[in-house]
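Accompanying notes for the structure given below.
Taken together, the values in this text are just the output of simple stated rules run on the coordinates, not laboratory data. No experiment lies behind these values; they were computed from the predicted model shown. Don't worry about glycine lacking a Cβ; one is built from the backbone with ideal geometry, like all the others, and counts go over all protein chains shown.
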Amino acid sequence: MRRTRILVADSLDIFRAGVRNLLERESDFEILEAASFEDVLAATEHDCPDIALIDLELPPLGGVTAVQRLAKRCSTYTIVWSFEPSQETVLAAVRSGAHGFLHKEISPEGLVRALRGVVQGEAPLSRDLASLMIDALHGLDERTRARDRARVLSSREREVLDLVAQGARNKQIAAALTISEFTVKRHVQNILQKLELPSRKAAATFYRTAFGTEEAPAAVAVQPA
Amino acid sequence: MSEAGRPLVAVVCSVPLLGEAVESALDFAEVRAFAERGGEIDGLLRWLMPDALVVDSDRTAEGATAYAAAHELPVVHVSVRDRTLRVYRFGEWEDAGNGDGPTPEAIRNVIAGSLFARGGPVR
């Protein structure tokens with residue numbers, strides 16, 4: 001019987017030792033180890049493993065980059081694992097080409113089951129991580145829709161809405177953009193009308209959904225009222 | 001002490017693979033792994049009476065100190081998240097592992113050293 005070759009890429013000795021001890025009891029697995037991506041390259045120089053279990057924090061560039069780079073060299077099934085998976089990390093790993101994502105607190109039996117499942121074409125993703133990923137996809141979808149809607153706004157209206165989302169009052173917005181308070185009020189009315197939103201608060205929520213904080217247009221400094 | 005005359009090491013962890021790693025490192029001991037249950041450990045220790053204890057959470061580590069102090073039980077705290085290793089013996093916590101973090105070898109050395117220090121039966 002051909003054994004399934006599994007590469008365990010984790011900088012923590014203790015995890016590699018734990019997986020090795022576990023899988024050595026199973027006759028259908030063969031274990032390779034790597035403590036860094038350099039080790040991954042060395043281990044896959046002549047032959048690719050069937051499965052690579054990659055730590056999200058694998059040095060030097062992390063597990064997501066490791067998955068992408070390994071995919072260029074091997075058609076290995078890759079599984080990322082970590083202690084505290086978030087929506088972003090699970091989604092980033094899957095988008096980078098990972099076939100699954102596991103929690104490091106997985107039980108030994110669960111890990112063996114997951115690895116055997118991968119060989120049969122399953123995507124290992126625990127229930128809580130699957131729901132994290134679905135939430136992340138919904139969030140992404142919602143953001144895309146919100147951004148599409150925001151296209152109806154002029155660049156000045158976007159600036160005004162950015163400041164509204166930051167909690168600025170009309171007087172502060174007027175000072176920040178060097179326009180009159182009356183003009184700000186008119187812009188806010190237009191924004192609500194164009195986006196079909198009932199209130200200033202709803203507009204602020206909409207803006208945060210569409211642009212979050214990191215990708216919002218450069219904020220104009222708001223002076224205290 | 002186990003029935004086979006080897007030291008009995010209890011591993012109480014929230015990361016089950018840690019139990020596997022400790023088992024592989026301690027070939028001189030009988031290792032029994034248990035799932036961490038919110039820091040409550042006194043009952044388990046009174047029932048099992050191990051020669052050494054390995055834990056991976058702050059709560060369980062602190063929860064074990066009263067029993068450990070009363071029974072001279074060495075407690076090894078492996079923090080896989082912080083990559084640190086410390087040991088409770090003679091009533092206080094000490095950093096262990098020579099800065100290499102929680103490697104299987106470091107865990108083995110710390111436990112073997114603690115059992116020898118107690119005059120325990122390492123064979």
Within 10 Å of each Cβ in A:100-106, how many Cβ atoms from other chains are there, averaged over the peptide?
3
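How well do other chains shield peptide A:17-25, expressed as the mean number of their Cβ atoms within 10 Å of each residue Cβ? The partial results should precede the final answer.
Details: counts 12, 13, 3, 4, 9, 7, 1, 2, 1.
Partner-chain Cβ atoms within 10 Å, mean over residues of A:17-25: 6.
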In what sequence, highest mean first, do B:21-29, B:64-72, A:60-68, A:11-19 appear when ranked by Cβ atoms within 10 angstrom?
A:11-19, B:21-29, A:60-68, B:64-72
Quick one: which of A:24-30, B:79-85 comes out on top by average Cβ neighbours within 10 Å, and what's the full order, highest first?
B:79-85, A:24-30
Over the range A:4-135, what relative contact order in percent results from Cα pairs under 8 Å that are six or more residues apart?
21 percent
Placing unit charges on C-beta atoms (Lys and Arg positive, Asp and Glu negative, everything else neutral), compute the dipole magnitude of chain B about its Cα centre in debye, rounded to 20.
160 debye
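Can you tell me what percent of all Cα-Cα pairs in chain A are more than 23 Å apart?
Working: 14436 of 25200 pairs.
The calculated P(r) of chain A puts 57 percent of pairs beyond 23 Å.
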Three-way shape call for chain B based on the alpha-carbon gyration tensor, with the a/c threshold at 1.5:
rounded
Inter-label distance for A:SER107 and B:ASP27, nm, one decimal - labels placed 7 Å from Cα along Cα-to-Cβ:
2.9 nm
Quick check: pseudo-label points 7 Å beyond the Cα along Cα→Cβ at A:LYS171 and A:GLN193, how many nm apart are they?
2.7 nm
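Fewest first, what order do A:ASP10, A:ASP128 take by the number of other Cβ atoms within 10 Å?
Details: A:ASP10 24, A:ASP128 11.
Listed from fewest to most nearby Cβ atoms, that is A:ASP128, A:ASP10.
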For the range B:8-117, what's the relative contact order in percent, using C-alpha pairs closer than 8 Å and at least 6 residues apart?
23 percent
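Would you work out the relative contact order for chain A, in percent, from Cα pairs under 8 angstrom that are 6 or more residues apart? Write out the running numbers ahead of the final one.
Values: 315 pairs, mean separation 30.9, N = 225.
Across chain A, relative contact order equals 14 percent.
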